[in-house]
1. Share of the chain's accessible area from carbon and sulfur, percent, 1.4 Å?
2. Apply the Karplus curve 6.51 cos²θ - 1.76 cosθ + 1.60, θ = phi - 60°, to the phi angles in region 43-51 and return the couplings in whole Hz, x for Gly and Pro.
3. For Thr142 and Glu48, compute 0.36 nm times the residue count separating them, minus their Cα-Cα distance, and round to one decimal in nm.
4. So, for region 25-149, what is the accessible surface per residue at a probe of 1.4 Å, expressed in square angstrom?
5. Within 10 Å of each candidate Cβ there may be at most 11 other Cβ atoms; applying that plus a DSSP loop requirement, which chymotrypsin sites (Phe, Trp or Tyr not before Pro) in region 1-98 survive?
6. Within 10 Å of each candidate Cβ there may be at most 10 other Cβ atoms; applying that plus a DSSP loop requirement, which GluC sites (Glu not before Pro) in region 81-149 survive?
7. Based on alpha-carbon centroids, what's the gap between region 51-74 and region 9-35 in Å, whole number please?
8. Roughly what angle does helix 133-147 make with the longest principal axis of the chain, taking Cα atoms, 0 to 90 degrees, to the nearest 10?
Amino acid sequence: MFLATDDRQFGFWALRRGGESNIGIAHRFGISRQAVSRALHLMDEKIESTLRGMAEANQISVEKINAERGVLLGKSVPFQTAAIIFVSAKHGVQVWYEHDGDCGACQRYTECIELLWDYATELGVRIEKTADPTKMADELFTRVKALMK
């Protein structure tokens, strides 16, 4: 389930997810559009395989998957709650469960805020700045779900 986020194919994928066209990526790297298309097709397969592998490992039933966005929506079987698995260029593959957390008492408070801001930035999604990671996550993942339609 390892996904190398530092290889060239992943770079192409991240650029496309950020809105860059295949031809724009080709011009940027001085290669053919066909080479970019092939690389993106292979990367989409790797992303989907990684997302599905993470879902299986975490007992998440798959509801929707979008390899181009790097997002899997599902439901945790053991926790009976919504779950999202996403690919972040900075943070790798992450699993997030819908929950009402006591974020102020959590040791990972700062880490969660950074993760959510970074992921929103990677997707080009604007979220309201708040001191509550649970609210930030709810807003971000509501927007991500809307992108999946």
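1. Values: 4220 of 8480 Å².
It is 50 percent, rounded to a whole number.
2. For region 43-51, the Karplus curve yields 5, 4, 5, 5, 4, 4, 4, 5, 4 Hz.
3. Details: separation 94, 0.36 × 94 = 33.84 nm, distance 2.10 nm.
Contour length minus the Cα-Cα distance gives 31.7 nm.
4. Values: 7150 Å² over 125 residues.
For region 25-149, the per-residue accessible area is 57 Å².
5. Values: sites: Phe2, Phe10, Phe12, Trp13, Phe29, Phe79, Phe86, Trp96, Tyr97; in loops: Phe2, Phe79.
When the chymotrypsin sites (Phe, Trp or Tyr not before Pro) of region 1-98 are filtered for loop state and at most 11 Cβ neighbours within 10 Å, Phe2 remain.
6. On the way: sites: Glu98, Glu111, Glu114, Glu122, Glu128, Glu139; in loops: Glu98, Glu128.
Within region 81-149, the qualifying GluC sites (Glu not before Pro) (loop, at most 10 other Cβ atoms within 10 Å) are Glu128.
7. 24
8. Between helix and principal axis, roughly 40 degrees.
The values are calculated or read from the model by the stated rules, or taken from the named source; none is laboratory data. Since we're looking at a predicted model, the values are computed, not measured. Cβ atoms come from the backbone with ideal geometry, glycine included; neighbour counts cover every protein chain shown. Note: areas computed on protein heavy atoms with side chains; ligands, DNA, RNA excluded. Shrake-Rupley method; radii C 1.70, N 1.55, O 1.52, S 1.80 Å.
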